[in-house]
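Novice: Please see the structure below; I have some questions.
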Amino acid sequence: MRALVIGGSGGIGAAVAQQWRGRGGEVVGLSRARDGFDLLQPDLVEARLTALDGVFDMIIVASGALVSTRSAPEKALRDLSAEEMAAQFAINAIGPALVMKHAPRLLARRRRGVFAALSARVGSIADNRAGGWYSYRASKAALNQLIKTGAIELARTHREAVCVALHPGTVETAFTAHYPGRQKLSPQESAARLLDVLDGLGPQESGGFFDYAGAAVEW
Ligand SMILES: NC(=O)c1ccc[n+]([C@@H]2O[C@H](COP(=O)([O-])OP(=O)(O)OC[C@H]3O[C@@H](n4cnc5c(N)ncnc54)[C@H](OP(=O)(O)O)[C@@H]3O)[C@@H](O)[C@H]2O)c1
């Protein structure tokens, strides 16, 4: 079993790669820190993905950022800036979409293949009760729409494909370092549960949004 892990230098991405290997699989990793794979450079992304040979049983995009040009997410409308919004869309929505662009070639046509991206529950519009975090929320909502749209297209040529957005839980990584005191999953636990969830999904669930416990998240 072969996985392509984008963002394996991150807390959850590294744990997903480790869990996959622990289950006997092979991992091809592309991350900014280790391989110079910067999702903000579309030409580089295109070239590096085009250079990959063979098909993958799972492609997972585990990269992302809570903030890009600020020290903390926006709390109020007065905090909005075009720069932050554009940067958040670039890393959280456009980057994963540039990877998903290659899914038709990198997933087998006639057998099961998974494309998953780490989204976030706060990207759910229906579940938005607290407000704030404008750029992050909106960029993950955009990611969710891209995943849903990609799943519809993939299903036409890859009948066994599973293309989903995932919420990993609140996980103890650099990402949540500024939020002490919250109940957090370890990266290994989140990764193990996400892989179990993906294992249990079939083509009928493609285009969905699932949390680490396997529950569907409302859009
Ligand atoms: N942790 C949580 O509680 C939580 C909750 C909900 C959703 N999520 C989502 O889960 C994902 C992973 O989070 P994490 O907790 O593992 O965070 P993390 O430890 O901070 O890892 C973030 C990853 O994203 C990569 N990345 C950032 N900017 C990049 C760029 N321009 N090009 C390529 N890669 C880039 C980082 O690469 P470098 O190593 O090069 O910086 C790193 O591999 C994110 O999408 C996040 O929104 C996390």
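Novice: Does the range 105-115 contain at least one residue that is buried (at least 21 other Cβ atoms within 10 Å of the Cβ), in contact with a His (Cβ under 9 Å, 6 or more places away or on another chain), closer than 14 Å to V5 by Cα and not small (G, A, S)?
Specialist: Yes, that holds for at least one residue.
Novice: Take the residues in the range 46-72 that are away from the ligand (no atom under 15 Å from the Cβ) and not in a loop (DSSP other than H, G, I, E, B), then tell me which one is most open to solvent (accessible area, probe 1.4 Å). It would help to see each step written out before you state the result.
Specialist: So in the range 46-72, the residues away from the ligand (no atom under 15 Å from the Cβ) come out as 50-58.
Pick out the ones that are also not in a loop (DSSP other than H, G, I, E, B) and you get 50, 56, 58.
Details: T50: 79, F56: 2, M58: 5 Å².
Filtering the range 46-72 for residues that are away from the ligand (no atom under 15 Å from the Cβ) and not in a loop (DSSP other than H, G, I, E, B), the one most open to solvent (accessible area, probe 1.4 Å) comes out as T50.
Novice: Suppose the filter is of a type in the set (G, A, S) and surrounded by 14 or more Cβ atoms within 10 Å (Cβ to Cβ); does G8 pass it?
Specialist: So G8 fits the description; yes.
Novice: Starting from residues that are more than 14 Å from the ligand (Cβ to nearest atom) and loosely packed, with under 14 Cβ neighbours inside 10 Å, keep the ones in the range 22-45 and report whichever is farthest from the chain's Cα centre (by Cα).
Specialist: G24
Novice: So which of D211, D196, D127 is of a type in the set (D, E) and open to solvent by less than 30 Å² (accessible area, probe 1.4 Å)?
Specialist: From the options D211, D196, D127, the qualifying one is D211.
The values are calculated or read from the model by the stated rules, or taken from the named source; none is laboratory data. This structure is a prediction, so every number in the text was calculated from the model and none was measured. Positions of Cβ are generated from backbone atoms using ideal geometry, with glycine treated the same way; all protein chains shown enter the neighbour counts. Each accessible area value is taken on the protein alone, full model and side chains, heavy atoms only, with ligands, DNA and RNA left out. Shrake-Rupley method; radii C 1.70, N 1.55, O 1.52, S 1.80 Å.
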